[in-house]
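Asks: Have a look at this one before I ask anything.
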Amino acid sequence: MSRSLSHFFAYVSRLRWIKRWGLMRNAIEENVATHSWEVATLAHALAMIRNRHFGGQVNVDRIATAALYHDATEVITGDMPTPVKYHSRVMREAFGDIEHKAEAELLALLPEELQADFAPYIKESGWSAEEKELIKAADRLSALLKCQAEIQAGNKEFEPAAGHIRQKLESDGLPEVRYFLDVFAPSYQQPLDNLLG
């Protein structure tokens, strides 16, 4: 049986070349591939914490996989800075339309028989409200951790962003986020020797 060539994974692998936080001076460079991995691990953790401590019954593996692909369309669109993306309703709607078209283009790169299998992870419209909530929380948590690392490296430019992101996380009021901030986040500020001891 002959199979046609698919460029999907070669294309998605180029997320490593797309830099995040493009409008800000960065002490620590971050790309979309690294960010996607971190969001996937954080979403996985938040889902497990919800199930273990807060009566949740979410599919942890599905959330982690969707989170892994949550920014895959940026290989087509590039990284749009949050202040620009959410500047107005018109901007958000326009960018939302571009994201939906990019999702379709990305899925079309897959062999036809796999498109329906990947669609629930690549198309945000296929996520449940609970999945969206946890992945968005993980995305914000990743951004907060990035801001804190920049501040710790002496980059004061990230202080306002850290304040806004923390305020948003607190106003969302998710108990699993509070758990993560209390139990895991303080270790991010520690030197390596302290983590191993």
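The values are calculated or read from the model by the stated rules, or taken from the named source; none is laboratory data. Note that this is a predicted model, so its numbers are computed, not measured. Note that we place each Cβ from the backbone using ideal geometry, even for glycine, and neighbour counts take in every protein chain shown.
Asks: Of the residues that make up the range 76-86, is at least one more than 13 Å from the chain's Cα centre (by Cα), modelled with pLDDT of 95 or more and surrounded by 12 or more Cβ atoms within 10 Å (Cβ to Cβ)?
Replies: Checking the range 76-86: not a single residue is more than 13 Å from the chain's Cα centre (by Cα), modelled with pLDDT of 95 or more and surrounded by 12 or more Cβ atoms within 10 Å (Cβ to Cβ).
Asks: Being more than 28 Å from Ala102 (Cβ to Cβ), surrounded by fewer than 14 Cβ atoms within 10 Å (Cβ to Cβ) and among the aromatic types (Phe, Trp, Tyr) is the requirement here; does Tyr179 meet it?
Replies: So Tyr179 does not fit the description; no.
Asks: Here's something else I'd like to know. Checking Gly56 against (1) outside any loop (DSSP other than H, G, I, E, B); (2) out of contact with any Asp or Glu (no Cβ under 6 Å at 6 or more places or on another chain); (3) within 16 Å of Tyr179 (Cβ to Cβ), which test does it fail?
Replies: (1)
Asks: Which condition from (1) surrounded by fewer than 18 Cβ atoms within 10 Å (Cβ to Cβ); (2) of a type outside the set (Asp, Glu); (3) within 18 Å of Ala129 (Cβ to Cβ); (4) under 13 Å from the mean Cα position of the chain (by Cα) is the one that Trp37 breaks?
Replies: Of (1) surrounded by fewer than 18 Cβ atoms within 10 Å (Cβ to Cβ); (2) of a type outside the set (Asp, Glu); (3) within 18 Å of Ala129 (Cβ to Cβ); (4) under 13 Å from the mean Cα position of the chain (by Cα), only one is false for Trp37: (3).
Asks: Within the range 4-22, which residues are outside any helix (DSSP H, G or I) and exposed (fewer than 11 other Cβ atoms within 10 Å of the Cβ)?
Replies: Ser4, Leu5, His7
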